[in-house]
Amino acid sequence: PSGKGLWLSILLRPNLRPAETTQLTTATATAIVRAITRETGLKPKIKWPNDIMLGKKKAGGILTELHAELDKIRHVIIGIGINVQQSPSDFSGDLRSSATSLKIETGHNVELPSIATALLSELDKDYRRILNHKFDELAEEWESHCKILGKLVAVDLGSRTIRGRAEALDPNGALLVRNDHGRLEPVIGGDVRQLKN
């Protein structure tokens, strides 16, 4: 619905290799977490690779679209959506159990321009960290907000499923999952489900 959420796309032309694109999703997630915390006091968590969670419900997400040649990124479009002003009645029955908004979680209206300004400011900082080859700092911060690290997970990759313990991010931003054979597998996409320990 109009005026209820923050939905935007950002065009970037980073001097990165295509394999490093996941760093931009990581940067965007940490920027969203900081912006929401700064403007509302809420403490969102990141569900790898691109969901922003408040408690057990999704409050936002990120889609990254890459246009590249074999060894060079032409441009990246980062799509961001954050549920800001929705009330429970704005979500259909199926979504009420899995989606939330900043208004629902804080109990009061949250101004869209203030969230947008905070988000763009924080993302600018993280983008500069990536361009200055400081992704390791960003990865540490991301890990402190990630809700699945150290947990048993299943990652659905089409017809294949990887099961194991989510351990960390690799230097490119891929999730490292230690499988049942003790091998670390880098995962750059897929649907992640937490399994019971």
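The values are calculated or read from the model by the stated rules, or taken from the named source; none is laboratory data. As the structure is a computational prediction, the values presented were derived from the model and not from experiment. Every residue, glycine as well, gets a Cβ built from its backbone with ideal geometry; the counts of neighbours run over all protein chains shown. Please note that ligands, DNA and RNA were not included when accessible areas were found on the heavy atoms of the full protein model with its side chains. Shrake-Rupley method; radii C 1.70, N 1.55, O 1.52, S 1.80 Å.
In terms of Cα atoms, the Rg and Dmax of the range 103-155 work out to 15.3, 40 Å. A Förster radius of 45 Å combined with the Cβ-Cβ distance from HIS75 to HIS108 puts the calculated FRET efficiency at roughly 0.75.
Between GLU137 and SER159, the C-beta separation translates, for a Förster distance of 30 Å, into a calculated FRET efficiency of about 0.25.
Near LYS134: Cβ cut-off under 12 Å, other residues only, Lys/Arg at +1 and Asp/Glu at -1. The net charge is -2. For GLY5, the amide hydrogen comes within under 5 Å of the amide hydrogens of VAL84, GLN85, counting only partners 5 or more places away or on other chains and with H modelled in the peptide plane. As a ratio to 2.2 N^0.38 Å, the alpha-carbon radius of gyration for the range 95-197 is 1.33. 3J(HN,Hα) along the range 64-80, derived from phi through the Karplus expression 6.51 cos²θ - 1.76 cosθ + 1.60 where θ = phi - 60°, amounts to 10, 10, 9, 10, 8, 9, 4, 10, 9, 7, 7, 6, 10, 10, 9, x, 10 Hz, with x in place of Gly and Pro. Principal axis extents of the Cα atoms in the range 31-123, from largest to smallest and rounded to whole angstrom, are 47, 30, 19.
Rounded to the nearest Hz, the phi-derived 3J(HN,Hα) couplings of the range 124-137 under the Karplus curve 6.51 cos²θ - 1.76 cosθ + 1.60 (θ = phi - 60°) are 4, 4, 5, 4, 5, 4, 5, 5, 8, 6, 10, 4, 4, 5, where x marks glycine and proline. Please enumerate, by chain and number, the aspartates and glutamates with C-alpha under 18 Å from the C-alpha of LYS57, excluding those fewer than 8 residues away in the same chain. Counting by Cα, and skipping residues close in sequence, LYS57 has these aspartates and glutamates nearby: ASP90, ASP94, GLU105, ASP191.
Calculated [222 nm] ellipticity per residue, helices only, for the chain: -9500 deg cm²/dmol; basis is -39500 (n - 2.57) per DSSP H run with n ≥ 4, divided by all residues, nearest 500. Taking amide H atoms as placed 1.01 Å from N in the peptide plane, the amide H of LYS151 lies under 5 Å from those of ALA166, each 5 or more residues away in sequence or on another chain. Backbone phi angles across the range 161-168, fed through the Karplus curve with coefficients 6.51, -1.76 and 1.60 (θ = phi - 60°), yield HN-Hα couplings of 10, 9, 10, x, 9, 6, 10, 5 Hz in residue order; Gly and Pro are listed as x.
With K and R counted +1 and D and E -1, the other residues having a Cβ less than 14 Å from that of ASP191 yield a net charge of +3. Using a probe of 1.4 Å, the accessible surface attributed to ILE148 totals some 0 Å² when neighbouring protein chains are kept in position. Magnitude of the charge dipole for the range 94-147, about its Cα centre and with charges confined to Cβ atoms of Lys, Arg (+1) and Asp, Glu (-1), is about 160 debye.
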